[in-house]
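Trainee: Just passing along the structure, written as structure tokens.
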Amino acid sequence: MTFLITCPNCGPREALEFSYGGEITRRAGPGSSSAELTGYLFFRENANGWQTEWWLHRDGCRMWFLAERHTFTNEIRRTYPPGSEPPVDAQAPEGAA
Amino acid sequence: MSGRLPARPGEAIDRGRPLTIDFEGRRAPAFEGDTVGSALAAAGVTITGRSFKYHRPRGLMCMTGACPNCLMQIDGIPNVRSCTEPVREGMRVERQNAWPSVDRDVHGVLDSFSFMMPPGFYYKVFQRPRWAWSKVEPIIRKQAGLGKVPRTEDHEPREVVNLHADVAVIGGGLAGLAAAAEAAAAGASTVLLEQRREAGGRALGSADDVDRARLVAEAEASGARILLGTAAFGVFDGPVVAAVGGGGLQRIRARHLVFATGAVEQPAVFPNNDLPGVMLSSAVELLVNRFRVLPGRRAVVLTSNQDGYRAARTLRDAGADVFVVDLRAGAGSADGLRVIPGSTILSAKGRRGVTAVSVGAPGSATGQSIPCDLVVLAGFSAPSTNLLAMTGAKLGFDDDAQAFLPVELPPDVHAVGAVAGARTVQGAIAQGRLAGLEAAAAVGQEPPGAAGRMEVLRAQAAERGDPVVLPPEVATGEGKQFACLCMDVTSKELKAAAAEGFDSMELLKRYTTVSMGPCQGKACMLSAQRLCARAAGSSFAETRPTTARPPWTPVELGALAGWRRTPRKETTIHDLHADSGATFMWAGDWRRPHHFATPEQEVEAVRHRVGVIDVSTLGKFRVKGPEAVELLERLYPNRFGDLAVGRVRYGAMLNDEGVILDDGAVCRVGDDEFFVTVTTGNTAALERWITWWLADWRLDVRVLNVTGAFAALNLAGPDSRKVMSVLTDADVSSEAVKYMSASSFEVAGVPSLVLRIGFVGELGYEIHFPSMYGEHVWRAVMEAGRPFGIVPFGLEAQRVLRLEKQHILVGQDTDAESDPFEVGLGWMVKADKPDFLGRRALEDLAEAGPKERLVGFTCDPSWLPPEGASVVHEGVWVGRVTSARRSAAARSVVGLAWVPAGWAEDDTEIEIQFGGAHAKAKVALKPFYDPEGARLRS
């Protein structure tokens, strides 16, 4: 139904306050092949497990941030502003991205 | 049977406050504190409804909202459980599912035709001949369903409330009250949900109210938040408990969940076990002890434990003649009750109510007939494990309890009381207290001395009570034996279905609809499981209940839908538009004037004199920071590095597919500051888009959505400069305020940003200013423009004006595949820039060249093609019209259409078609009005 997401600014809030931005992708810029371009535009990992993805705190501070979410359980392992990836946790559960 | 018993302490009714309800046109007396069911019982109403399929008479059975027998239409709302619905003065109560009346229902003849409705009859009957189905279906549809859907719209405000707590207790019986009291007293924030309007659960009907009163007082004093009339109906991811009550949907998120959902008393299966007058002991105790109504004078109580003796004593003390039929051989009574040991009820007799039962040893063909008007089924129950199972709790069969009980709970989930197998009051209370203390301790609120108390409670909590003896199956006898009262499924039908191979609970449920009715298995799961086990030749222990799914209790759709609200935005000048008689239209969430006078008059004024339109709804962004230029260079295909301060450039944003997302003005208002406008309906999406890329690129820029902060007017027309010169002291000559410039000066005394741009194709000024001055500036503009014949214009006139200039509307003229080359915006793509959104895709698109083009067209004004009309060639669809309007300036219909790229040449003849109408049209690549743009630049 819903779950909590910890906004790096505002703390834990209902998921309904947020907009989903999809899994992180590798942008195909100038010089990339057509295969790389279509891969970036139309294909996704669609992981069953841990996934790093974009979220926007739409009804709050309007910050875009990254979240590591388990797509089956909706458990969120951590959230952080882009560019500040925390060191990979040695205790991270199996299947960590 | 009617009237009330003498008053007693602890009764629920307030005899000092009588009221009247309207029962099918008759006035029925009631007291404050009554439920509809208790008031009708006091008034002598024994038939509370007709059954779903066979239209058999049914009466009050559970009094706890667990069975389908008393569903009524109350104040127009169908399927209200009347047994728990509190009375209100003047409420209109009608019984359901009968014609002409419940007392004389002609559909009752269906009962004699049940041989035509075998299990799975939906799948078997009406297969052939196929044509017959269309004749039969309307009749079946009319027969099917319960209650009448109200024809009026529901305007009740319904909130969605999110509750957060350390501990949530589901169920306010004794165990739940004890858990909530302990957790809250220890300092944990605690919420208790109880579906009924009074806490106490099974103890509510008890003649001795001591335990209940003490625990309610303790829970109230503990500081726990007690939500009465709030029914939990599901447990979802999170976990989140969803409940209805308190005027809407409650979503409860707690660190610990304590399930004290109790058990539901179950009927026994024997011929005619559905007759009015066959009741569960909960109903009898509530009616007698709480509502002071005696439901029968000659009662037979079927039981195998103390519950039956308690009910029998209650009835005896109220003046009834009572027999106890005890399944246990050697049973007897210490206080003089007449007990028939080692026996069961073999059948019941009666037409509109029970008149006698046959009692004998299990398995015997005949028994002793005992005349009676009340049969009480006491002490058979099924734990309410459904909500618990939704958390992922595992259930296992318990021989002593003859029930599936939780054997493995997820972390931070507790089960206490009857749902956990407690069969004594003291055991249930101890389990509740223990769970409350454990949950509080787990959230860091362990009270001093808790360890010692928990030790004692653990010992008490282990107390289970006597093993359960369930009634045996009755093999023979005349009359239907109902397993499922909601859907009218009999034991015979279950056996037949099992014989056909549907021999597991999940299959039986789907095939026979057993447990699919309003009660969702509350009053039938036990019978269905045991019958299924026997029919399939397995044991009860091997026959698991069906998968638990929400909703566990009935939920009105309105509660899930929430409050019906439509967002609506108005500009700060809205009221003035309304005063001027504007006709409004929706533009996204905004209300905007469609026209004031007529669109034709407004167009004429703008083209020849001057007009003004409120464009406050435009999306506006302030982009500021050392890397502002870099951000815009990446967001747009245009170049902005060379844009001088005080200049404006038209730009379009693309996504990485090269598709146009939006267009608008980009104004450089400082070295590191820009003012950007976007399309009204796209503002929120573009804010997300821009800030998302900014987050990814991490440039040193701030982007602020200032849409609401600034109002904006577009003053346009050949006389607009004259009007501007009245409004400001600033020099507004064509040398001082050039075309495509952005200047800051005061307009009507208000600091404004004035953009000399012209969406409508005339000399014009887009004036942005703080929105609080909206009315003031609008009035000043109208005043200054009066000598020049100024008119306000609406969206329709603007659409005609822009179409005459072939200015596109993104989203109207373009779609999710339109790239800039196709719509004639290839000029803005600066392929020499290192990168921008869409650059890589545009490389391929530029190389392939457009397959389709958006072009202007003119056609004969005798027919106005609708938007979406087809462009055809030799009868084949080749394109479509996206915009078309009658143009006075062009003296024809003008429009925009998608056509094959090869046709994008002036004067190419195309054919437009819609329905039966069609017209010849000519492609025109240049604007229909002022193609060189001289008027814009003047």
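Trainee: How many percent of the accessible area of segment B:841-938 is carbon or sulfur, using a 1.4 Å probe?
Mentor: The value for segment B:841-938 is 50 percent carbon and sulfur by accessible area.
Trainee: Using a cut-off of 13 Å between beta-carbons, work out the net charge of the residues near B:ILE613 (Lys and Arg +1, Asp and Glu -1, B:ILE613 not included).
Mentor: -2
Trainee: Give me the residues in segment B:218-248 whose solvent-accessible area, probe 1.4 Å, is reduced by at least 50 Å² once all protein chains are included instead of the chain isolated.
Mentor: When all protein chains are present, B:ASP237 each give up 50 Å² or more of accessible surface.
Trainee: Taking the dipole about the Cα centre of segment B:267-379, with the C-beta of Lys and Arg at +1 and of Asp and Glu at -1, give me whichever of B:ASN272, B:SER364, B:ILE345 is farthest to the positive side.
Mentor: Toward the positive end, the furthest listed residue is B:ASN272.
Trainee: Let me know the shape class of segment B:803-937, please: from the alpha-carbon gyration tensor, a ≥ b ≥ c as square roots of the eigenvalues, rounded when a/c is under 1.5, otherwise prolate if a/b is greater than b/c, or oblate.
Mentor: Taking the square roots of the gyration eigenvalues as a ≥ b ≥ c, segment B:803-937 is oblate.
Trainee: Working from the alpha-carbon coordinates of segment B:300-360, get Rg over Rh, Rh being the Kirkwood radius.
Mentor: Value, to two decimals: 0.98.
Trainee: Roughly how far apart, in whole Å, are the Cα centres of segment B:630-695 and segment A:1-70?
Mentor: Using only Cα atoms to place each centre, the spacing works out to 23 Å.
Trainee: Also, I was wondering about something else. Where does each of B:LYS805, B:LYS509, B:LYS135 land when they are ordered by accessible area, with a 1.4 Å probe and the largest first?
Mentor: The ranking, largest first, comes out as B:LYS135, B:LYS509, B:LYS805.
Trainee: Test of understanding: what is the full-extension gain from B:ALA831 to B:SER538, defined as 0.36 nm times their sequence separation minus their Cα-Cα distance?
Mentor: Extra length from B:ALA831 to B:SER538 when fully extended: 97.9 nm.
Trainee: Additional query: By accessible area of protein heavy atoms, probe 1.4 Å, what ranking do B:SER384, B:SER369 get, highest first?
Mentor: Greatest to least solvent exposure: B:SER369, B:SER384.
Trainee: What accessible area per residue comes out for the protein assembly as shown, rounded to a whole number of Å², with a 1.4 Å probe?
Mentor: Here the residues of the protein assembly as shown average 43 Å² of exposed surface.
Trainee: From Cα pairs below 8 angstrom and at least 6 apart in sequence, can you work out the relative contact order of segment B:278-433, rounded to a whole percent?
Mentor: So the answer I get is 19 percent.
Trainee: Continuing with the same structure: What residues of segment A:27-61 lose no less than 50 Å² of accessible area with every protein chain in place versus their chain by itself (probe 1.4 Å, heavy atoms only)?
Mentor: A:ARG27, A:PRO30, A:LEU37, A:TRP54
Trainee: Output the lone cysteines of chain A: those with no second cysteine's C-beta under 4.7 Å from their C-beta.
Mentor: A:CYS61
Trainee: Using +1 at the C-beta of Lys and Arg and -1 at the C-beta of Asp and Glu, which of B:GLY749, B:HIS776, B:VAL791 has the Cα lying farthest in the positive direction of the dipole of segment B:670-791?
Mentor: The Cα lying farthest towards the positive end belongs to B:VAL791.
Trainee: While we're on this one: Would you compute, for the Cα atoms of the protein assembly as shown, the largest minus smallest coordinate along each principal axis and list the three values in descending order, in whole Å?
Mentor: Per principal axis, max minus min of the Cα coordinates gives 114, 71, 62 Å.
Trainee: Placing +1 at every Lys and Arg Cβ and -1 at every Asp and Glu Cβ, with all other atoms neutral, what dipole size does segment B:479-565 have around its Cα centre, in debye to the nearest 20?
Mentor: Dipole size: approximately 240 debye.
Trainee: Count the net charge of all other residues whose Cβ sits under 9 Å from the Cβ of B:LEU763, scoring Lys and Arg as +1 and Asp and Glu as -1.
Mentor: Spelling it out: positives minus negatives among the neighbours equals +2.
Trainee: Where Rh is the Kirkwood radius over the Cα pairs of chain B, the temperature 10 °C and the viscosity 1.306 mPa s, what D in µm²/s does Stokes-Einstein return?
Mentor: It comes out at roughly 47 µm²/s.
Trainee: What accessible surface, in Å², does a 1.4 Å probe find on B:GLU604, ignoring ligands, DNA and RNA and rounding to the nearest 10?
Mentor: 80
Trainee: Ok, one more. What size of dipole, in debye to the nearest 20, comes out for chain B about its Cα centre when the only charges are +1 on Lys and Arg C-beta atoms and -1 on Asp and Glu C-beta atoms?
Mentor: Around 3360 debye, computed over chain B.
Trainee: For B:SER343, tell me the accessible area in Å² from a 1.4 Å probe, rounded to the nearest 10.
Mentor: Here the accessible area works out near 10 Å².
Trainee: Relative to the Cα centre, what is the charge dipole magnitude of segment B:712-787, using +1 at the beta carbon of each Lys and Arg, -1 at the beta carbon of each Asp and Glu, and rounding to the nearest 20 debye?
Mentor: For this selection, approximately 100 debye.
Trainee: Rounded to the nearest 500, what is chain B's calculated 222 nm mean residue ellipticity when only DSSP H runs of at least 4 contribute -39500 (n - 2.57) each, over all residues?
Mentor: Value at 222 nm, helices only, nearest 500: -6500 deg cm²/dmol.
Trainee: Expressed as a fraction of 2.2 N^0.38 Å, the rule-of-thumb size for a compact globular protein of N residues, what is the C-alpha radius of gyration of segment B:548-675?
Mentor: 1.61
Trainee: Which order do B:ILE757, B:ILE370 take when ranked by solvent-accessible area (1.4 Å probe, heavy atoms of all protein chains), largest first?
Mentor: Most to least solvent-accessible, the answer reads B:ILE757, B:ILE370.
Trainee: Given the whole protein assembly as supplied and a 1.4 Å probe, what does the accessible area of B:SER818 come to in Å², nearest 10?
Mentor: Solvent-accessible area, nearest 10 Å²: 0 Å².
Trainee: Next question, about the same structure. Across segment B:479-565, how many lysine pairs, 8 or more positions apart or on different chains, have C-alpha atoms separated by under 16 Å? Please give the number.
Mentor: Lysine pairs meeting the criterion: 5.
Trainee: If you don't mind, there's one more thing I want to ask. Sum up the charges of everything whose Cβ sits under 15 Å from the Cβ of B:ALA243, counting Lys and Arg as +1 and Asp and Glu as -1, but leave B:ALA243 out.
Mentor: Combined, the nearby Lys, Arg, Asp and Glu give +3.
Trainee: Taking the Cα centre of each part, how many Å lie between segment B:507-543 and segment B:472-499?
Mentor: Using only Cα atoms, the two centres lie 11 Å from each other.
Trainee: What FRET efficiency do you get for B:ARG17 and B:HIS918 if R0 is 60 Å and r is their Cβ-Cβ distance, rounded to the nearest 0.05?
Mentor: Calculated transfer efficiency: 0.20.
Trainee: Here's something else I'd like to know. In whole Å, what is the distance between the alpha-carbon centres of segment B:55-82 and segment B:735-763?
Mentor: About 71 Å separates the Cα centre of segment B:55-82 from the one of segment B:735-763.
Trainee: Of B:GLN73, B:LEU388, B:ALA442, which is farthest on the positive side of the dipole of chain B, counting Cα position, with +1 on Lys and Arg Cβ, -1 on Asp and Glu Cβ, and the Cα centre as origin?
Mentor: Among B:GLN73, B:LEU388, B:ALA442, the one farthest towards the positive end of the dipole of chain B is B:GLN73.
Trainee: Just A:GLY39, A:GLY49, A:GLY60 to compare: in a GNM of chain A, with alpha carbon springs under 10 Å, which one fluctuates most?
Mentor: Comparing A:GLY39, A:GLY49, A:GLY60 in a Gaussian network model of chain A, the most mobile one is A:GLY39.
Trainee: What relative contact order, as a whole-number percentage, does chain B give when Cα pairs under 8 Å and 6 or more residues apart are counted?
Mentor: About 9 percent, as a whole number.
Trainee: Mind jotting down the three principal axis lengths of segment B:484-631 based on Cα atoms? Whole angstrom, largest first.
Mentor: For segment B:484-631, the Cα spread along each principal axis is 93, 47, 24 Å.
Trainee: Across every pair of different alpha-carbon atoms, what Kirkwood hydrodynamic radius in Å does segment B:575-785 reach?
Mentor: Every distinct Cα pair counted, the radius reaches 17.9 Å.
Trainee: Which residues of segment B:655-675 bury at least 30 Å² of accessible area once all protein chains are present, versus their chain alone (1.4 Å probe)?
Mentor: Listed in order, they are B:ASP656, B:GLU657.
The values are calculated or read from the model by the stated rules, or taken from the named source; none is laboratory data. Note that this is a predicted model, so its numbers are computed, not measured. Cβ atoms come from the backbone with ideal geometry, glycine included; neighbour counts cover every protein chain shown. With ligands, DNA and RNA removed, areas are computed over all heavy atoms of the protein, side chains included. Shrake-Rupley method; radii C 1.70, N 1.55, O 1.52, S 1.80 Å.
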